[in-house]
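The values are calculated or read from the model by the stated rules, or taken from the named source; none is laboratory data. As the structure is a prediction and not an experimental result, all values here were calculated from the model. Cβ placement follows ideal geometry from the backbone for every residue including glycine, while neighbour counts extend to all protein chains displayed.
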Amino acid sequence: MTGTRLAALLRGINVGGNHPLSMRDLRAALGEAGCTDVVTYIQSGNVVFTPPPRLRIDPATWLTDVVSAAAGFDVPVVVRTAAELERIVAENPYPVTDPKLVHAAFFREPERAAAYVDIDLEAFEPEHLTVAGGTVYLWLPRGAGRSPMVTALDRRTRRQRLDPGTIRNWNTVIKVHELLSA
């Protein structure tokens with residue numbers, strides 16, 4: 001992936017005043033680490049960049065170390081290429097009449113999404129969940145903040161020590177995809 005622009009989605013920063021990390025500091029840290037063309041989008045930790053040439057380790061592992069050092073606390077990072085984001089956008093099973101109601105959960109290891117296929121969907125109607133291609137798509141007509149399904153998924157993740165991934169609303173998915181494709 002050296003020389004390829006990537007999107008990184010950081011988990012758990014700037015949420016409710018916890019784990020603060022300014023995007024200016026993030027851009028500076030990535031620049032100092034040798035990244036180029038660094039662009040961030042909103043404060044929830046979305047960054048598009050070109051990694052340094054001749055990067056010899058997995059970009060997600062390397063980036064997790066760089067971002068965690070800059071933040072002063074552990075920051076899990078999920079990395080996707082433009083082709084992967086293109087596929088994620090194309091495979092969205094839900095109508096996007098209101099992009100705030102559609103979400104995607106990204107996992108560092110896409111096969112981890114399969115841990116969520118057996119959820120009892122009837123218990124959460126009208127909410128819905130679909131696992132496709134390593135991404136969990138969520139239809140949350142009441143929004144994520146009031147979602148019983150999101151609460152149940154979070155409890156399950158903690159109880160079973162699953163990869164929590166990181167969730168983005170559809171507006172953010174599309175914007176990061178556009179930045180990465182530009």
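Of the conditions (1) under 26 Å from Leu26 (Cβ atoms); (2) in a helix (DSSP H, G or I), Pro53 satisfies every one except a single condition; which number is it?
(2)
Among the residues that make up segment 99-112, is at least one of them touching a residue at least 12 places away in the same chain (Cβ under 8 Å), touching an Asp or Glu at 6+ places or on another chain (Cβ under 6 Å) and crowded, with 20+ Cβ neighbours inside 10 Å?
Yes, segment 99-112 has at least one match.
Here is a list: Leu180, Leu129, Leu101, Leu162. Which entry is farther than 23 Å from Pro59 by Cα and out of contact with any Gly (no Cβ under 9 Å at 6 or more places or on another chain)?
Criteria check complete, one pass: Leu129.
Select from segment 67-96 the residues that are surrounded by 14 or more Cβ atoms within 10 Å (Cβ to Cβ), in contact with a helix residue (DSSP H, G or I) (Cβ under 6 Å, 6 or more places away or on another chain) and more than 18 Å from Val131 (Cα to Cα) and write down the one among them that is modelled with the lowest pLDDT.
Only one residue fits best here, namely Val75.
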